[in-house]
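The values are calculated or read from the model by the stated rules, or taken from the named source; none is laboratory data. Keep in mind that what you see is a predicted model, and the values were worked out from it rather than measured. Quick reminder, even Gly has a Cβ in these numbers, built from the backbone with ideal geometry, and neighbours come from all protein chains shown. In case anyone asks, the SASA skips ligands and DNA or RNA and just uses the protein heavy atoms, side chains included. Shrake-Rupley method; radii C 1.70, N 1.55, O 1.52, S 1.80 Å.
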Amino acid sequence: MDRTDRIRKFIEDRFLVEFGGEVTDDSDLFKAGVMDSFGYIQLMSFLEDEFSIGVTDEEMLTDVFVSLDAIDAFVARKAAARDAGQGDASCAE
């Protein structure tokens with residue numbers, strides 16, 4: 001299962017939604033009623049654990065990722081930075 005599928009599965013399982021109908025990969029999950037702020041925090045925690053990335057408070061608050069596509073792109077950027085040796089100061093907490 002690739003990264004996108006793992007994120008999709010978490011969202012579908014946690015929020016009891018299925019992608020492909022009214023909710024697509026680029027749907028705003030807040031506006032679609034899929035996720036609220038508490039769910040967003042759960043999602044960010046999952047991403048940190050599942051992909052060994054750090055998500056700073058600033059990223060969570062200023063770069064709110066509302067669609068599967070945006071969430072996946074964020075994880076890809078964070079993982080690439082980690083793998084390139086740029087480190088991730090938030091993982092050192």
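Computed values, structure above
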| item | result |
| --- | --- |
| Calculated FRET efficiency for the pair E58/F19, C-beta based, R₀ 25 Å, to 0.05 | 0.30 |
| Rounded to the nearest 10 Å², the accessible area of R82 at probe 1.4 Å | 80 Å² |
| Degrees, to the nearest 10: 68-83 long Cα axis against longest axis of the chain | 10 degrees |
| Carbon and sulfur %, accessible surface of the chain computed with the full protein complex present, 1.4 Å | 48 percent |
| Average accessible area per residue (Å²) across the chain - probe 1.4 Å, nucleic acids and ligands excluded | 60 Å² |
| Dipole magnitude of the chain about its Cα centre (Cβ charges: Lys, Arg +1; Asp, Glu -1), debye to nearest 20 | 120 debye |
| Acute angle (nearest 10 degrees) that the helix 3-15 long axis makes with the longest principal axis of the chain, alpha-carbon atoms | 50 degrees |
